[in-house]
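Quick notes on the structure that follows.
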Amino acid sequence: MKRYIIRTTILSFALVSLLGACKEQLDVKNPNQPTPSSAATETGVIALAQGSVYINGFKDGIKYTDGTPGYFWTGAIGFHELMGDEIGEEAANVYGNQIGMPDLVTLDDGTKVVNPSSINTQIALLRTVNTNANAGANPLYYEWAYMYNINNAMNNVIDITNTTTFTGEATAATAKKNTVLAWAYWWKGYAYSRIGSIYYAGLINNKTGATNANYVTKENIITEANKNLDQAATLLTALGTDANYTATITGLVPTFNQVGKGLPPTTDMWKRNINTLKARNLLVNTTVATMTAAQWGQVLALANDGIRATDNVFSGRSTDNADFFSSTNGNIAAKSTGTPGSVTYKISERLIQDFPAGDKRLANNFTQLAAPSLFNSDRGNSFNTRWQLVNAGKGQAGVVVLSNQAVGAYELYVAGTYEENELMKAEAKLYTGDIAGGLTSIDAVRTYQGAGLAALSGLALDAAKEELRKERRVGLALRGISFYDARRWEVITKGRTNAVVVDKAGKLNTKATISYNFLDYWDVPDNELAYNPAAAGSAPIKNPK
């Protein structure tokens, strides 16, 4: 671990180029090699804790990047959305045009379009390209590198926080210290959550820069994620929202992110954010077919005390200097906005298909083209599309806007949201016999986003589940949730029927069958294993599928 992760961290000069007020907030030293002058003070450790997440953790902190997929929020998250079939990609950078390519598309007339890759399956592709020699062209590298960079940086923050003298009398100093520690444990829990939700195995490393070759199962990684989230929650419970907490959390969240839902959370709000993430950890890592009544009860209990409509959450905004991300191409929505032939990500026909009839969210955010956009036929038919995402919406009052390329206008959700929490609540209710309660939660999300749809009522269980499936697709569109759902609903293995597909001739198919056959959890990237081979007794590092 040490030999790989530390050497992928950027040098401090990449952080000191920020402009204006942002420079003061994010001007930190290398989080893996702090100096006394940069971090061993109250203001220094707060700056370190902030920059280690927003810059080193999500943007400039890893060795390799590719300008086409971009940083974490468009690269690593882009892979999720491609496999979740919310977007398609023609560009070959980091194999983006193959990661989301299904094995087989059967058109309405029975014509079979096989994955045209020479390898023919996504699973074979991921195995073939997962080599250290591929460097930044290995798609398995990115999420691993970003998340372990956050984890290691937060280990460092914890170490320095525990040796830093905070100002004020004892109670005030302790409150400030524990707020920073809660921040570190929250982000460690977040990082482990993402690792355990996409990789078949991972590393538990809670010492700064420590070498660790003991790979553990994804289940153990999720357990470690929840352990860190619980440590954060325990600290927050003891803290309460006093002036010292408020001042410290205000310093930890960059000023440019303190807009809309991104305002600093109270301790109670933060604990509800934790509960939502813990509910997600359970839900998305268990197939629906194997969920037990007890597990549905756990999800419901967490979601009932999860993010509320009025809560602040962890979100981000663009700036003129693209300190966190670029307004024009720094998020999935931005890279999907405009004519399909001119953007990196193309809006999937299957996403559009899932909007209910009369949904104002569709009308406000998408335009149907006069003729479909067709792309390289040697990549199959799956990302041909008739739709484009509109910048800033079409002005319908009270309706959610899915993309806005103006500086600071788009709110990028970093972790959980009210909509995700309410839909987890809805699903748990449906699967525990409360159909009416589940439908009420689905309606709540549609109302919150201005969908303008009639309330759901009187549906049988299967029909209610279908409304839930569609609502998770469209209500959480472009937020990086789609692959998790496709995996746990077994869409990636069982396929999708009655799918809308535009074939290479531009003909519209409405009864197509798509056989995805995607790998459910990725193997440990060889970029790590080349420098940190698994020790004896480690869990399997390769998914047997």
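With the condition being under 17 Å from the mean Cα position of the chain (by Cα), I'd like the helices (runs of 4 or more DSSP H) fully within the stretch 35-101 carrying at least 3 qualifying residues.
Working: elements: 36-39, 42-54, 76-83, 96-99.
Once the helices (runs of 4 or more DSSP H) in the stretch 35-101 are filtered for at least 3 residues that are under 17 Å from the mean Cα position of the chain (by Cα), what remains is 76-83.
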With more than 30 Å from Ala182 (Cβ to Cβ), touching a helix residue (DSSP H, G or I) at 6+ places or on another chain (Cβ under 7 Å), buried (at least 20 other Cβ atoms within 10 Å of the Cβ) and of a type in the set (D, E, K, R) as the only criterion, which of Glu89, Glu143 stands out?
Glu89
Can you work out which of the residues in the stretch 37-74 that are farther than 21 Å from Ala415 by Cα and crowded, with 23+ Cβ neighbours inside 10 Å is modelled with the lowest pLDDT?
Ala39
The one condition in (1) in contact (Cβ under 8 Å) with a residue 40 or more places away in the chain; (2) hydrophobic (A, V, I, L, M, F, W, C); (3) under 28 Å from Gly202 (Cα atoms) that Ala124 fails to fulfil:
(1)
Scanning the stretch 301-318 residue by residue, those of a type in the set (A, V, I, L, M) and surrounded by fewer than 22 Cβ atoms within 10 Å (Cβ to Cβ) turn out to be Ala301, Ala309
Given the stretch 356-472, what helices (runs of 4 or more DSSP H) lie entirely inside it while holding 2 or more residues that are out of contact with any Gly (no Cβ under 9 Å at 6 or more places or on another chain) and buried (at least 21 other Cβ atoms within 10 Å of the Cβ)?
435-448
Can you name the residue in the stretch 341-350 that is modelled with pLDDT of 95 or more and farther than 20 Å from Gly75 by Cβ and is also surrounded by the fewest Cβ atoms within 10 Å (Cβ to Cβ) among such residues?
Arg350
Restrict the check to the stretch 319-333 and report whether at least one residue is surrounded by fewer than 24 Cβ atoms within 10 Å (Cβ to Cβ), free of Cβ contacts under 8 Å to residues at least 12 places away in the same chain, of a type in the set (A, V, I, L, M, F, W, C) and assigned to a loop (DSSP other than H, G, I, E, B).
yes
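Determine, yes or no, whether Asn527 is buried (at least 20 other Cβ atoms within 10 Å of the Cβ) and within 30 Å of Ala213 (Cβ to Cβ). So that I can check it myself, show each step before the final result.
On the way: buried (at least 20 other Cβ atoms within 10 Å of the Cβ): yes; within 30 Å of Ala213 (Cβ to Cβ): yes.
Judged against the criteria, Asn527 is a match.
Would you point out which residue out of Asn130, Asn151, Asn115 is modelled with pLDDT under 95 and either buried (at least 21 other Cβ atoms within 10 Å of the Cβ) or in contact with a Pro (Cβ under 7 Å, 6 or more places away or on another chain) (or both)? Write out each step before concluding.
Working: Asn130 fails: modelled with pLDDT under 95; Asn151 fails: modelled with pLDDT under 95.
Being modelled with pLDDT under 95 and either buried (at least 21 other Cβ atoms within 10 Å of the Cβ) or in contact with a Pro (Cβ under 7 Å, 6 or more places away or on another chain) (or both) holds for just one of Asn130, Asn151, Asn115, which is Asn115.
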Per-region count, the stretch 366-382, residues under 23 Å from Val401 (Cα atoms) and in contact with a Ser or Thr (Cβ under 7 Å, 6 or more places away or on another chain)
0
Scan (1) of a type outside the set (D, E, K, R); (2) in contact with a strand residue (DSSP E or B) (Cβ under 9 Å, 6 or more places away or on another chain); (3) outside any strand (DSSP E or B) for the single condition Asn312 breaks and write down its number.
(2)
Any idea which of (1) assigned to a helix (DSSP H, G or I); (2) touching a helix residue (DSSP H, G or I) at 6+ places or on another chain (Cβ under 9 Å); (3) not β-branched (Val, Ile, Thr) is the one Ala294 doesn't satisfy?
(2)
Top-ranked residue of the stretch 160-212 - restricted to ones that are closer than 30 Å to Phe483 by Cα and over 22 Å from the mean Cα position of the chain (by Cα), ranked as modelled with the lowest pLDDT
Asn212
Note on Tyr54: of the conditions (1) of a type in the set (Ser, Thr, Tyr); (2) in contact (Cβ under 8 Å) with a residue 60 or more places away in the chain; (3) over 21 Å from Ala145 (Cβ atoms), unmet is (3)
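When you go through Asn384, Asn391, Asn404, Asn329 one by one, which is the residue that is within 23 Å of the chain's Cα centre (by Cα), over 30 Å from Ser193 (Cα atoms) and of a type outside the set (A, V, I, L, M, F, W, C)?
Matching residue, one of Asn384, Asn391, Asn404, Asn329: Asn391.
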Counting only residues that are loosely packed, with under 15 Cβ neighbours inside 10 Å and in a helix (DSSP H, G or I), the stretch 240-250 contains a total of 2
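Rundown of residues vs (1) crowded, with 21+ Cβ neighbours inside 10 Å; (2) within 23 Å of the chain's Cα centre (by Cα), yes/no style:
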| position | (1), (2) |
| --- | --- |
| Thr217 | no, yes |
| Glu224 | yes, yes |
| Ala233 | yes, yes |
| Leu236 | yes, no |
| Val253 | yes, yes |
| Pro265 | yes, yes |
| Val284 | no, yes |
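Listed here are the residues, each with its yes/no results for (1) under 29 Å from Leu126 (Cβ atoms); (2) part of a helix (DSSP H, G or I); (3) touching a Pro at 6+ places or on another chain (Cβ under 6 Å).
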site: Thr211; (1), (2), (3): yes, no, no
site: Val216; (1), (2), (3): yes, no, no
site: Glu219; (1), (2), (3): yes, yes, no
site: Ala225; (1), (2), (3): yes, yes, no
site: Asp230; (1), (2), (3): no, yes, no
site: Ala238; (1), (2), (3): no, yes, no
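The values are calculated or read from the model by the stated rules, or taken from the named source; none is laboratory data. Please read all numbers here as calculations on a predicted model, not as lab measurements. Glycine also receives a Cβ, built like all others from the backbone with ideal geometry; neighbour counts cover every protein chain displayed.
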